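The values are calculated or read from the model by the stated rules, or taken from the named source; none is laboratory data. On a predicted model such as this, the values are computed, not experimentally measured, just so you know. Counting neighbours? That spans all protein chains shown, and the Cβs are built from the backbone with ideal geometry, glycine included.
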Amino acid sequence: MKVMVAPQAFKGTLTVFEVGEAMMRGVQKALPGCECVFVPIADGGDGFMDVLFYYRQGTLIQQQVTGPLGERILVEWGIDEASQTAVIELSKFSGLSLIPEHRRNPLAATTFGIGEAILLALDKGIRHFLIGIGGSGTNDCGAGVIEALGGRFLDEWGNPLPRGGAALKELKTIDLKGLDDRLLESTFIVGYDVKNPMTGPEGASLVYSSQKGADPVEAERLEQAVLRFVEVIQSQLGIELNAIEGSGAAGGAGGGLHALLGARLISGIDLVLDRAGFDRLLKDADLVVTGEGRIDRQTTYGKGPIVVAHRAKARGIPVYAFVGSVGEGYEAVYDHGITKVIPL
């Protein structure tokens, strides 16, 4: 019997490799003599860079950058040696797990530090970038990234806006004349963790900002701010961000990076599974075991275990998901190929 063990990190508690080790032990105890194949996954959020470098050699770079609440933090990003591509995981710079629960504030949190990492990569001669977006504590549409790279977000009087998502409600103009010239010769791929649009009932603010510390009134403020951002992008650049899958990922960072850096948005989990050769490994599997920290209705928006389940379901292979907890609407995952959800 062949069992594929394909978990992702349990956000804020266990790395994907710690989860995988525990699952492998459990499977081998329950099914003595089975063939166990470990395939760590990530969907753009926590563990994205570490998983990619599990499959391909990378060099880690340490750097002091601006953290989500403006403090200086030490982060790591990496360079894929084969392709000379910078691999940047947003959650290491602006992740929810970096912010103590009592300080979570998506109205003010920023993605500025990611732009600082891009600048250092440019200094090192890197011109190709792969950015995993997910697990963010931000809702600023990636404006912080662009500001760090020389862009300006201005109000109706031409004044620069403060950092953070709430300030975008006053956005009048985006000035890109100061962007670093080296970006013109650079390419960006962004791996998103969810397919949500920028705004609306399934958009970045109304679905996810409550997890990041917003109350219902603040979530509506952020919705109006992101809506204004979308309107300005439409007016200045002619891009309808809500029509682009994944634009609402990481508090709208997907949409912002697409519109302002020309980034190509792709599913982060599909990118990882393809790099792992997942479909080839799946061919003769009898069971797939996956898992994440929490499964709920939002998991069906394209999170890792769901994409794993889709691929397994197409081959008639059952999928068991071990999770830290279940949330509202988790039963919806049964319609997407997961056979059984097992809370720990």
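Key figures
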quantity	calculated
Top-ranked residue of segment 100-125 - restricted to ones that are assigned to a helix (DSSP H, G or I) and of a type in the set (A, V, I, L, M), ranked as farthest from K11 (Cα to Cα)	L122
Residue check for L265: modelled with pLDDT of 95 or more, surrounded by 18 or more Cβ atoms within 10 Å (Cβ to Cβ) and in a helix (DSSP H, G or I)	no
Candidates P7, P68, filtered to the one that is buried (at least 17 other Cβ atoms within 10 Å of the Cβ), in contact (Cβ under 8 Å) with a residue 60 or more places away in the chain and outside the structural domain of T299 (by TED's automatic domain parsing)	P68
Sole exception among (1) in contact (Cβ under 8 Å) with a residue 60 or more places away in the chain; (2) over 22 Å from A166 (Cα atoms); (3) in contact with a Ser or Thr (Cβ under 6 Å, 6 or more places away or on another chain) for I79, by number	(1)
Top-ranked residue of segment 292-312 - restricted to ones that are over 16 Å from the mean Cα position of the chain (by Cα), of a type outside the set (V, I, T) and crowded, with 17+ Cβ neighbours inside 10 Å, ranked as farthest from A249 (Cα to Cα)	A312
Number of the exception - A108 against (1) out of contact with any strand residue (DSSP E or B) (no Cβ under 8 Å at 6 or more places or on another chain); (2) buried (at least 24 other Cβ atoms within 10 Å of the Cβ); (3) not aromatic (F, W, Y)	(2)
Condition met for A253 (under 17 Å from S136 (Cβ atoms), crowded, with 24+ Cβ neighbours inside 10 Å and under 18 Å from the mean Cα position of the chain (by Cα))	yes
Sole residue being over 26 Å from D181 (Cβ atoms) and either in a helix (DSSP H, G or I) or under 20 Å from the mean Cα position of the chain (by Cα) (or both), chosen from L260, L273	L273
Close pairs from segment 282-306: first assigned by TED's automatic domain parsing to the domain that holds V27 and basic (K, R), partner crowded, with 24+ Cβ neighbours inside 10 Å and part of a helix (DSSP H, G or I), Cβ under 9 Å, at least 6 apart	R297/V333; K303/I269
Any chance G191 is crowded, with 22+ Cβ neighbours inside 10 Å and within 28 Å of K124 (Cα to Cα)	yes
Residue in segment 107-119 that is over 30 Å from F53 (Cα atoms), in the same structural domain as A259 (by TED's automatic domain parsing) and at pLDDT 95 or above present	yes
Residues of segment 213-257 classified as assigned to a helix (DSSP H, G or I) and within 16 Å of E202 (Cβ to Cβ), total	16
Residue count, segment 131-154 (criterion: of a type in the set (S, T, Y) and not in a strand (DSSP E or B))	1
Per-region count, segment 64-87, residues under 21 Å from the mean Cα position of the chain (by Cα) and under 21 Å from A263 (Cα atoms)	7
Residue selected from segment 120-134 under the condition more than 19 Å from L60 (Cβ to Cβ) and crowded, with 24+ Cβ neighbours inside 10 Å, by the criterion modelled with the lowest pLDDT	G134
Selection from segment 197-214 of residues that are buried (at least 16 other Cβ atoms within 10 Å of the Cβ) and more than 17 Å from Q224 (Cβ to Cβ)	G213
Tabulated pairs, segment 30-42, first of a type in the set (D, E, K, R), second surrounded by 14 or more Cβ atoms within 10 Å (Cβ to Cβ), C-beta under 6 angstrom, 6+ apart or interchain	E35/K2
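Quick grid of which residues meet (1) outside the structural domain of L107 (by TED's automatic domain parsing); (2) at pLDDT 95 or above; (3) crowded, with 18+ Cβ neighbours inside 10 Å:
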residue: G20; (1), (2), (3): yes, yes, yes
residue: M24; (1), (2), (3): yes, yes, no
residue: Y54; (1), (2), (3): no, yes, yes
residue: Q64; (1), (2), (3): no, yes, no
residue: R72; (1), (2), (3): no, yes, no
